[in-house]
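**Student:** I have a structure I would like to understand better, so I am pasting it below and will then ask my questions one at a time.
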Amino acid sequence: MIAEPAEQLSSNRAGRPRSEGCRQKVLAAADTLFTRDGLVRMSVDGVAQMAGVSKATIYRWWPNKAAIVMEALLASSEAEVYVPVSPFPEEDLIAKVRRTIALFRGPRGKVIASLVGQAQYDPEIAEAYRQHLLGPRRAATREAIERAVDAGIYRADIDYDMAMDIIFGPLYERLMLGHAPLDEAFERDYPPAAVAALRGYAGKR
């Protein structure tokens, strides 16, 4: 399953359907303010003012500023990590891992590292990160693994969550701890090695 268009990735809250044009203005404003001020300093008031909408409109569609920021980050980085479906699920997985490394190596990497760090002590940020950013990315990855299972490449009893943790865990460890670089060599060599490791892995779902 390809990652769904961003407008489908977070369910609408109660009320009138979201105007796509208005939604894009809110996400663009949130992305700008978050990049400039950070999550702590930015405010829903500022997002509303820059987007030209009311706070009531924003709260009708998002529960808090963290949710807005996560959806904005998902939308702004979607083109960087998008991988079209091909007949070769393992190649799709390799491409997903490689593009995620490239994302982490770029300016967005520091942003993501900051959010993951803040999520450790702020439950609101943690929930928004899981629901609006991590969840959609993992859903798209799981679909590629499911296609590999259907093709007989991976065992049917594979533990999908563990498999995703195996291939993406080292990326986050390098991003957050810096014990080893997220460099060109890692971007080149790690993805095929990680994906190949899944051929011999299985676990109880």
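No value in this document is a laboratory result; all are computed from the given coordinates. All values derive from a computational prediction rather than experimental measurement. Note: ideal-geometry Cβ built from the backbone for every residue, glycine included; neighbour counts use all protein chains shown.
**Student:** Helix 89-105 versus the longest principal axis of the chain: what angle, 0 to 90°, nearest 10, using Cα atoms?
**Tutor:** Approximately 50 degrees, to the nearest ten.
**Student:** Shifting gears a bit: Each label point is 7 Å from the Cα along the Cα-to-Cβ direction; what then is the distance between the points at Ser54 and Lys25, in nm?
**Tutor:** 1.4 nm
**Student:** Taking only pairs that are 8 or more places apart or on different chains, how many Lys pairs in the chain have Cα atoms under 26 angstrom apart?
**Tutor:** Working: Lys25/Lys55; Lys25/Lys65; Lys25/Lys110; Lys55/Lys65; Lys65/Lys110; Lys96/Lys110; Lys96/Lys204.
Taking the Cα cut-off of 26 Å, the pair count is 7.
**Student:** Just subtract the alpha-carbon distance of Tyr172 and Ala193 from 0.36 nm times their residue separation and send over the number in nm, one decimal. If you can, show how the numbers build up before the last one.
**Tutor:** Working: separation 21, 0.36 × 21 = 7.56 nm, distance 1.65 nm.
In short, 5.9 nm is gained.
**Student:** Using a Förster radius of 22 Å, what is the FRET efficiency between Met162 and Ala139 based on their Cβ-Cβ separation? Nearest 0.05, please. If you can, show how the numbers build up before the last one.
**Tutor:** Values: r = 16 Å, r/R0 = 0.72.
So the FRET efficiency works out to roughly 0.85.
**Student:** What translational diffusion coefficient, in µm²/s and rounded to a whole number, does the Stokes-Einstein relation yield for the chain at 25 °C and a viscosity of 0.890 mPa s, taking the hydrodynamic radius as the Kirkwood radius over Cα pairs? Before the final figure, lay out each step's value.
**Tutor:** On the way: Rh = 18.1 Å.
After rounding, the answer is 136 µm²/s.
**Student:** Where in the stretch 98-169 are there chymotrypsin sites (Phe, Trp or Tyr not before Pro) that are in a DSSP coil and have at most 15 other Cβ atoms within 10 angstrom of their Cβ?
**Tutor:** On the way: sites: Phe104, Tyr121, Tyr129, Tyr154, Tyr160, Phe168; in loops: Tyr121, Tyr154.
When the chymotrypsin sites (Phe, Trp or Tyr not before Pro) of the stretch 98-169 are filtered for loop state and at most 15 Cβ neighbours within 10 Å, Tyr121 remain.
**Student:** With runs of 4+ DSSP H residues as the only contributors, calculate the mean residue ellipticity of the chain at 222 nm using -39,500 (n - 2.57) per run, divided by the residue total and rounded to the nearest 500. Write down the numbers at each step before the final one.
**Tutor:** Numbers: 10 runs with 139 residues, N = 205.
About -22000 deg cm²/dmol.
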